[in-house]
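The values are calculated or read from the model by the stated rules, or taken from the named source; none is laboratory data. Everything numeric in this text was worked out from a predicted model, so none of it was measured. When we count neighbours, we look across all protein chains shown, and the Cβ atoms used for this are built from the backbone with ideal geometry, even at glycine. We work out accessible area using only protein heavy atoms, side chains counted, and drop any ligands, DNA or RNA first. Shrake-Rupley method; radii C 1.70, N 1.55, O 1.52, S 1.80 Å.
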Amino acid sequence: MAKQKKRTRANRGEVSIHCRKNNSGRGYLSLWIPGELCEDGLGQRYVLGLSDSPANYAIADRVCRQVQLDIEAGNFVWDKERYLDTTGIQRKLVTAIPNHQEIWDKYCQANKLRVKATTLAVWEVVSDRIKSAPKEPEALLNYLLQTTTVNRTAQVLQWLGTAYRWAIKKQIVAKNPLGRLDIPRHQTEDEANPFTKEEKIKLLEVAKNSNWDLFIQFLLLTGCRPSEAVGLTWEQIGTESIKFDRSITIVKGKPTPSEK
């Protein structure tokens, strides 16, 4: 029989097994629940009363895993006798992955008053993408890459990761299942691609005598974005400069201002 490898160090946000020795040098096992999972944020130790042996470590490992699952499910109450009870029907360990949509909805509900309308629009996109997506991290990544762009995939996973980090702090879950996922980076152009002089002249010729003539001239002369030009007010226009610190974009079919 292969020797069981002991977990000497747990990942952040995970319950772990510790061994403490008494004055005679004999070791006894205990559970350590880190501060991220405790209401007081200080961590909690529970003595199992088991001596350090391969057989007892196997029992402690089973208890450790079950405690972790109970904490993630939100129904953990320490009862040493119940957790150490090996008679009767054995407790079934379920390696459940949190529901992404449930965690995301809780995060949005708790933080929606702190963000801009444009961010809320992005959150709706994230919600739509994960609504029918698989829970397993690798399957989720492949699903997103197959159904949307690399940039959108990166955006969804980054926001979802933010939601899980928030949920860990709030003790809703014990760990982030996306923590070890290789999230793709946003793809950007290496260099800017401005209009050439010839392209500017042609654009002005096309817009001449149209309702867009002056608007196109303003964009070319200032280099601002159309949303920034639409969002301009008289307070932003000075005698020697123009301050582009707000814009107006379309969110859910409605013009929505956004300050930078």
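Data overview
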quantity: Max mean-square fluctuation residue, GNM over the chain, Cα-Cα springs under 10 Å, options 250, 103, 237; calculated: 237
quantity: Inter-site label distance for residue 204 and residue 110 at 7 Å from Cα along Cβ, in nm; calculated: 5.6
quantity: Selected from 131, 169, 21 as most flexible by GNM, with the chain as the system and alpha-carbon contacts under 10 Å; calculated: 21
quantity: Set 116/200; 112/135; 135/169; 116/208 screened for pairs whose C-alpha atoms are more than 32 Å apart; calculated: 116/200; 116/208
quantity: Rg(Cα)/(2.2 N^0.38 Å) for the range 212-260, N = residue count; calculated: 1.17
quantity: In order through the range 202-216: 3J(HN,Hα) via Karplus (6.51 cos²θ - 1.76 cosθ + 1.60), integer Hz, x for Gly, Pro; calculated: 5, 5, 5, 5, 5, 7, 4, 6, 10, 5, 9, 4, 5, 5, 5
quantity: Probe 1.4 Å, accessible area per residue of the chain, Å²; calculated: 69
quantity: Of all accessible heavy-atom area on the chain, the percent that carbon and sulfur account for (1.4 Å); calculated: 52
quantity: Segment residue 53-residue 75, extension gain: residue separation times 0.36 nm, minus the distance between their alpha carbons; calculated: 5.0 nm
quantity: Potential extension, residue 218-residue 24 segment - 0.36 nm per residue separation minus Cα distance; calculated: 61.4 nm
quantity: Modelled FRET efficiency - R0 30 Å, residue 196 with residue 162, Cβ distances, 0.05 increments; calculated: 0.15
quantity: Semi-axes of the equivalent ellipsoid for the range 149-241, Cα gyration tensor, largest first, Å; calculated: 44, 19, 11
quantity: Size descriptor, Kirkwood hydrodynamic radius, that averages inverse alpha-carbon separations across the chain, Å; calculated: 23.5
quantity: Binned Cα-Cα distances of the range 28-80, short to long, each 5 Å bin given as a whole percent; calculated: 5, 19, 30, 25, 14, 7, 1
quantity: Rg to Rh quotient for the range 33-164, alpha carbon positions, Kirkwood Rh; calculated: 1.10
quantity: ³J(HN,Hα) computed for each position of the range 154-169 - Karplus, 6.51 cos²θ - 1.76 cosθ + 1.60, integer Hz, glycine/proline x; calculated: 4, 5, 4, 5, 5, 5, 5, x, 4, 5, 5, 5, 5, 5, 5, 4
